[in-house]
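The values are calculated or read from the model by the stated rules, or taken from the named source; none is laboratory data. Bear in mind the structure is a predicted one, so any value in this text is a computation, not a measurement. Using ideal geometry, Cβ is built from the backbone for each residue, glycine included, and neighbour counts are taken over all protein chains shown.
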Amino acid sequence: MEVLKVTILPEDDGATVRHILRAKLHFSARAVSRLTRAERGILVNGQRARTTDVLRAGDVLAVESGDHRPPRVEVRPGPWPLPVVWEDGHLLVVNKPAGMTAHASNFLPDTPTVAGALAWTRGTDFVFHSVNRLDKGTTGLMVVAKSGYVHDLLRRALHTPRFYREYRGICVGCPEPEAGTIDAPIGRDPDSVVGRMVRPDGAPALTEYRVLRRGNGRAVVQLVPRTGRTHQLRVHMAYLGCPLVGDWLYGEEEPEVIARPALHACRLELVHPVTGELLELEAPLPEDMAALL
């Protein structure tokens, strides 16, 4: 169980435990409630404390940041390769391969999962919270929180300068103009079980794009999502008239060229929600996309 320790500064002298938890450590109200029920959830100078207790400068507040109950969803472990590119006690970043989902689903019960790969190497009681889920066919950097507390902090940082994500896509044709912003709302496609589409009554969706290279009827594009809608990058590229190569849902299936949509999460800049450290991580193009070039 990870423990956060905070030494109370003079400017916070007289503040309550609840104030520090909510205003300084950014615990949600539900998380604070869970902490009060845990035997060692909240300690001040090594002694169990209440949220109404008043703190003095120099006091050491220790708070359990881990989950206090096992995940509700049963995880099936599997010996699936899943490179971990960065890790500490609060979170880890994996380089997800193609063909793997974050969690098991009723639609794809036998598909390899990130949850299952982590359970295979770390045990079925390993706490797993996916922050930026990637589609089954999308490769690249994916962040996993090790507690509900860290997951909540990261979720609130998504789509802000504290959590920058960049993708590479290879599309059919070349967008015109070669750089711009796609501001097109996305909603469900009524004619598809899983598909999405641009529609006026959809949720706001914003993507920045830039062509990096073009030739042979294709283009390599830099894609930066500023919102997080389902299939956003794939839908927006199709909306421009340049679907991703191999995108069977929004373009054309091309199994002889690539067995999935050509999309890769290549870069991550993340301010660590607990330590404040800036993480700058990159993942090179996988072989199937590199072969397209």
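Assorted remarks:
- Conditions (1) assigned to a strand (DSSP E or B); (2) in contact (Cβ under 8 Å) with a residue 40 or more places away in the chain; (3) surrounded by fewer than 20 Cβ atoms within 10 Å (Cβ to Cβ); (4) of a type outside the set (G, A, S): number failed by L270: (3)
- Candidate set: segment 244-291, residues that are over 19 Å from the mean Cα position of the chain (by Cα) and among the charged types (D, E, K, R); chosen: the one nearest to W86 (Cα to Cα): E287
- Going through (1) crowded, with 17+ Cβ neighbours inside 10 Å; (2) under 22 Å from the mean Cα position of the chain (by Cα); (3) among the acidic types (D, E) one by one, D189 falls short only on (2).
- Among residues of segment 170-223, those that are polar (S, T, N, Q) and modelled with pLDDT of 95 or more, counted: 3
- Of all residues making up segment 10-48, the number that are polar (S, T, N, Q), closer than 15 Å to G66 by Cα and in contact (Cβ under 8 Å) with a residue 24 or more places away in the chain: 1
- Within segment 132-155, considering residues that are without any contact (Cβ under 8 Å) to a residue 40 or more places away in the chain and over 23 Å from A259 (Cβ atoms), the one surrounded by the fewest Cβ atoms within 10 Å (Cβ to Cβ): R155
- Candidate set from segment 1-18 (those that are within 28 Å of the chain's Cα centre (by Cα) and of a type outside the set (K, R)); member that is nearest to L55 (Cα to Cα): V6
- Counting the residues of segment 177-194 that are more than 18 Å from T207 (Cβ to Cβ) and not charged (D, E, K, R) gives 4.
- One residue stands out among those in segment 115-128 that are crowded, with 21+ Cβ neighbours inside 10 Å and not small (G, A, S): the one that is nearest to the chain's Cα centre (by Cα), which is F128.
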